[in-house]
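To start, the structure under review is shown below, and the notes come after it.
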Amino acid sequence: DHVANQIAAGEVVQRPASVIKELLENSIDAKAGKIQVIIKDAGKTLIQIIDNGVGMSNTDSRMSFERHATSKIKIADDLFSLKTKGFRGEALASIAAIAHVELKTKHEDDEIGSCIKVEGSKVVAQDPCVTPKGTCISVKNLFYNIPARRNFLKSDNVESRHIIDEFQRVALAHPDISFSLIHNSSELFQLPASNYRQRITNIFGGKTNEKLVPVEEETEIVKISGFVGKPEFAKKSRGEQFFFVNDRFIKSPYLNHAVQASFEGLLKDRSYPSYFLYLNVDPKSIDINIHPTKTEIKFDDEHSLYAILKSAIKHSLGQFNV
Ligand code: ADP
Ligand code: MG
């Protein structure tokens, strides 16, 4: 079982950034309004996430490290609606198989919280503790027991770039939640709860605001909102391009092509417009479970989606006379 845990861990956890993604999603599922991320040495030494969400009872806190101990699928139907981000019940079990994990949590209905330490899937301590409502989870010494994986990690610069990418994606998807990120005691982000436009500006800098053109469209199969960057601000690289489907960041070369096509005639050669596009679709019309890291997605009707997206952006660009 220990070996099974380690193997499964490799699927879910490729690098420190994957741990951060899973933990952030758990905090969001727990309805946190404020989430703090603290890392040391690009997450190789420490990843700590503190949230003010619903927390866990004493029993649930211990259960949470067992594989498929998800509290999120209550009826089979839920599998098709997936209103929460987690649905495999693998993340905590996987992380605990390959790191030193300390969990402090208190459910809102409880007087006293619990503190659990898990090392390589073994619970090494469990005690009651005084802690605020919510959850604080510390993941230390990632891959301490898999030297090959640990050695395979890239430089701190590269790993922290991956962390920042993951953090930004989650923060852009949830502007109503306040987020902060501290790396080796320096504060990289301090994002107050706000709206989409303000969140984008807080992440990408004060000047972003005047570069954005709003995109809005609603049809039977999709509701689109968000922003595209004006063509004159298009970049030489693809840095600021984001799709979110039902509040999850996703990669879609196909939809990316639709955006690029909607700028036809407006861009210089080999330049890429910024975009922050939020698509809402019926959860039954997508399949997210094609990869454990959940950044790829299959749409039932991607041709229609392509056409709707392209025309919505064209319309916005036309309206704003760019
Ligand atoms: P999943 O998210 O797929 O359910 P995880 O392994 O990520 O699986 O988490 C297992 C369970 O632990 C969750 O279903 C949830 O009940 C609980 N949990 C994890 N993180 C938190 C958190 N930050 N706040 C409250 N509960 C949490
Ligand atoms: Mg989860």
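Among the residues of segment 44-60, which ones are under 18 Å from Val19 (Cβ atoms) and within 8 Å of ligand 1 (Cβ to nearest atom)?
Ile49, Asp51, Gly53
If you go through segment 264-277 one residue at a time, how many are out of contact with any Leu (no Cβ under 9 Å at 6 or more places or on another chain) and crowded, with 18+ Cβ neighbours inside 10 Å?
Selection size over segment 264-277: 2.
Looking only at segment 104-138, count how many residues are away from ligand 1 (no atom under 12 Å from the Cβ), touching a residue at least 60 places away in the same chain (Cβ under 8 Å) and not in a strand (DSSP E or B).
3
Within segment 205-256, which residues are within 17 Å of Asn195 (Cα to Cα) and of a type in the set (S, T, N, Q)?
If the condition is that a residue be within 17 Å of Asn195 (Cα to Cα) and of a type in the set (S, T, N, Q), then Thr208, Asn209, Ser225, Asn246 are the ones that fit.
Just to be sure I understand the filter: pairs with C-beta atoms under 6 Å, separated by 6 or more residues or on different chains, first member in segment 50-68 and under 25 Å from Phe167 (Cβ atoms) and without any contact (Cβ under 8 Å) to a residue 40 or more places away in the chain, second member among the aliphatic types (A, V, I, L, M) and crowded, with 22+ Cβ neighbours inside 10 Å. Which pairs pass?
Ser64/Leu92
I'm trying to understand the selection: among the residues of segment 146-174, which are modelled with pLDDT of 95 or more and over 23 Å from the mean Cα position of the chain (by Cα)?
Once the filter is applied, which keeps residues that are modelled with pLDDT of 95 or more and over 23 Å from the mean Cα position of the chain (by Cα), segment 146-174 yields nothing.
Restricting attention to segment 35-48, and to residues there that are over 16 Å from Ala173 (Cβ atoms) and in a strand (DSSP E or B), which single residue is farthest from ligand 2 (Cβ to nearest atom)?
Per the criteria, the residue is Lys40.
Only residues that are within 16 Å of ligand 1 (Cβ to nearest atom), more than 13 Å from the chain's Cα centre (by Cα) and crowded, with 23+ Cβ neighbours inside 10 Å: list them for segment 17-43, please.
The answer is Ala32, and nothing else.
The values are calculated or read from the model by the stated rules, or taken from the named source; none is laboratory data. This is a predicted model, so every value here is computed, not measured. Note: ideal-geometry Cβ built from the backbone for every residue, glycine included; neighbour counts use all protein chains shown.
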